[in-house]
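Where a number appears in this text, it was derived from the coordinates with a stated rule and is not lab data. Note that the coordinates shown come from a computational prediction; the quantities given were computed from them, not determined experimentally. When we count neighbours, we look across all protein chains shown, and the Cβ atoms used for this are built from the backbone with ideal geometry, even at glycine.
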Amino acid sequence: MTYLTRDPLSIDQLLAQVSSRACGGTCVFLGTVRDGAEEDGVTAIEYSAYEEMVEAEFGQLVAHAAERWPDARIAVRHRLGTIPTGEASIGIAAAAPHRAEAFDACRFVIEEVKRRIPVWKKELRLDGTEVWVDPSGRPTSKPSHV
Amino acid sequence: MTYLTRDPLSIDQLLAQVSSRACGGTCVFLGTVRDGAEEDGVTAIEYSAYEEMVEAEFGQLVAHAAERWPDARIAVRHRLGTIPTGEASIGIAAAAPHRAEAFDACRFVIEEVKRRIPVWKKELRLDGTEVWVDPSGRPTSKPSHV
Amino acid sequence: MGAMSATVRVRFFARYAELVGRTEVQVSVELPATVSDVVRRVRTELPGAGAIPERPLAAVNLKQSKLDARVEDGDEVAFLPPIAGG
Amino acid sequence: MGAMSATVRVRFFARYAELVGRTEVQVSVELPATVSDVVRRVRTELPGAGAIPERPLAAVNLKQSKLDARVEDGDEVAFLPPIAGG
């Protein structure tokens, strides 16, 4: 089971992984490459990872979620490589008998991803510049920030 | 713009409605017909509605969500008719610049739906019985519960 | 001089429609009248409607409404079973 | 009698890999040694690595690790820039 892919994410595939007759609520989260008010002409983000560690961490993270929400079914996939603006870099699906568990489990997974999954991103800008994104979500190119 | 359909719900269509370069997080909720531990051989649910009122209420609900999360983009569709176990009866998509708004707006919509959208469901069972579902989520066939 | 009367369209849904065996009926009430007056009239005169609660969830012209809300000629009054959407 | 020494595989990612111009290097340290010892060795001896912080986020054998954690021969030590996944 691999949590990483270099291909566009398929929501249908994530949904198929979690679907069950016993589940009445499914929450899906998609993180997409943004070029909004806080950005500055982002055309794509280049995602890289410590791949072996990502696989291990995702395995633990999903196991942890399964302990906390035993009736939930969870699927997650992170895309690596150059992802154009508007496309998804991560997809999470959580299905559960009731909606509260589905929302909570899905939210838990994305928060944990942000905290501990070793993935990095470099924004590629319209003007040709490339900027590493810092964990607060804003890019930094100044070494003093590191 | 209609919020109701008798056809299977299309997640792709909901996502297309909310997608935007400025949004980095999208939360989707699917409510599906369940046949789990609390149910008793549910093969399908027959959904009916006060259709004109549903359209009016959804319009207000989405407008209310747009006031509360001005940067969020929200799409919702409810399916009516006989929906087999495992298929979705409602689909909600909320996209926003940041994930917290996407989750919160999506959750708000489904909670409000449960509270005020005039839709009713009748479970169709394997044994041929049909049972109206009461708002607590459990079916009741006893008039004394009404 | 006779009292003014109003004709309202009453609609039934889901289990209530099953109980009364129809989805709508026209009802005349003397003005001034409230939703409660319409409920009372329907429950006593329409076969099967006695099983609808005395204080059902109601809507007037597509908006949820209190039972003491006024109804006017031409209004649409709906009796709503407990909502179970989503 | 010479001190025991350990060879560890050090891996660099993202900005750190750019700074040092490579993704991995073999480092020898005298035992007992900690992650900090590996960091110090790399920062002083590898061109470009001085720009890696003195106390980077680190992982040993795929698990986040404190800087005072012991390293053994054959371990994989990774220096991780601030995590920015999702």
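Along region D:60-70 the Karplus relation, 6.51 cos²θ - 1.76 cosθ + 1.60 evaluated at θ = phi - 60°, assigns HN-Hα couplings of 10, 6, 6, 10, 4, 9, 6, 6, 8, 5, 6 Hz to successive residues, with x for each Gly and Pro. Before anything else, pin down the relative contact order of region D:1-51: Cα pairs under 8 Å, at least 6 apart, normalised by residue count, whole percent. Normalised by residue count, the contact order of region D:1-51 is 36 percent. Sort the protein assembly as shown into rounded, prolate or oblate with this rule: let a ≥ b ≥ c be the square roots of the eigenvalues of the Cα gyration tensor; rounded if a/c is under 1.5, and if a/c is not under 1.5, prolate when a/b is larger than b/c, oblate otherwise. Prolate, since a/c reaches 1.5 and a/b exceeds b/c.
Counting lysine pairs in the protein assembly as shown whose alpha carbons fall under 19 angstrom apart, excluding pairs fewer than 8 residues apart on the same chain, gives 8. Only residues of region C:7-37 count here: report those whose backbone N is under 19 Å from the spot 7 Å along Cα→Cβ of residue C:54, or say none. Residues passing the 19 Å test: C:34-37. For the peptide A:122-132, the mean number of other protein chain Cβ atoms found within 10 angstrom of a residue's Cβ is 1. Taken about its Cα centre, region D:5-80 carries a charge dipole of roughly 260 debye when the Cβ of each Lys and Arg holds +1 and the Cβ of each Asp and Glu holds -1.
Counting only alpha carbon atoms, the long axis of helix D:35-45 and the longest principal axis of chain D meet at about 80°.
Calculate how many DSSP beta bridges within region C:5-80 are antiparallel, expressed in % of all such bridges and rounded to the nearest 5.
Once the DSSP bridges in region C:5-80 are tallied, antiparallel ones form about 80 percent.
Just checking the listed ones, B:54, B:133, B:33: in the Gaussian network model of chain B with Cα springs under 10 Å, the one fluctuating most is B:133.
Taking amide H atoms as placed 1.01 Å from N in the peptide plane, the amide H of residue B:44 lies under 5 Å from those of B:85, B:124, each 5 or more residues away in sequence or on another chain. Cβ screening of chain B for cysteine pairs under 4.7 Å finds these without a partner: B:23.
Mean-square fluctuations from a GNM of chain D, with a 10 angstrom spring cutoff on Cα atoms, peak among D:14, D:33, D:59 at D:14. Think of it as helices only: each DSSP H run of n ≥ 4 in the protein assembly as shown is worth -39500 (n - 2.57), and spread over all residues that comes to -8500 deg cm²/dmol at 222 nm. Considering only A:24, A:91, A:81, the Gaussian network model of chain A with Cα springs below 10 Å gives its largest mean-square fluctuation to A:24. Between the alpha-carbon centers of region C:1-30 and region D:4-76, tell me the distance in whole angstrom. Cα centroid of region C:1-30 versus Cα centroid of region D:4-76: 80 Å apart.
For residue D:31, the residues 5 or more places off, or on other chains, whose built amide H falls under 5 Å of its own are D:4, D:5, D:6.
Other residues within the sphere of radius under 11 Å centred on the Cβ of residue B:23, judged by their own Cβ, net out at +1 (K and R +1, D and E -1).
3J(HN,Hα) along region B:91-103: x, 10, 10, 10, 10, 7, x, 10, 5, 4, 5, 5, 4 Hz, from the Karplus curve 6.51 cos²θ - 1.76 cosθ + 1.60 with θ = phi - 60°, whole Hz, x for Gly and Pro. Note on region A:42-94 and region B:88-110: Cα centroid distance 19 Å, given to the nearest whole angstrom. Across chain B, the relative contact order, built from alpha-carbon pairs under 8 Å that are at least six residues apart, equals 34 percent. Counted by Cβ distance under 15 Å from residue D:30, the other residues give a net charge of -2, where Lys and Arg count +1 and Asp and Glu count -1. Scanning residues 5 or more positions from residue D:80 or on other chains, those with amide H under 5 Å from its amide H are D:57, D:58, D:59, with H placed 1.01 Å from N in the peptide plane.
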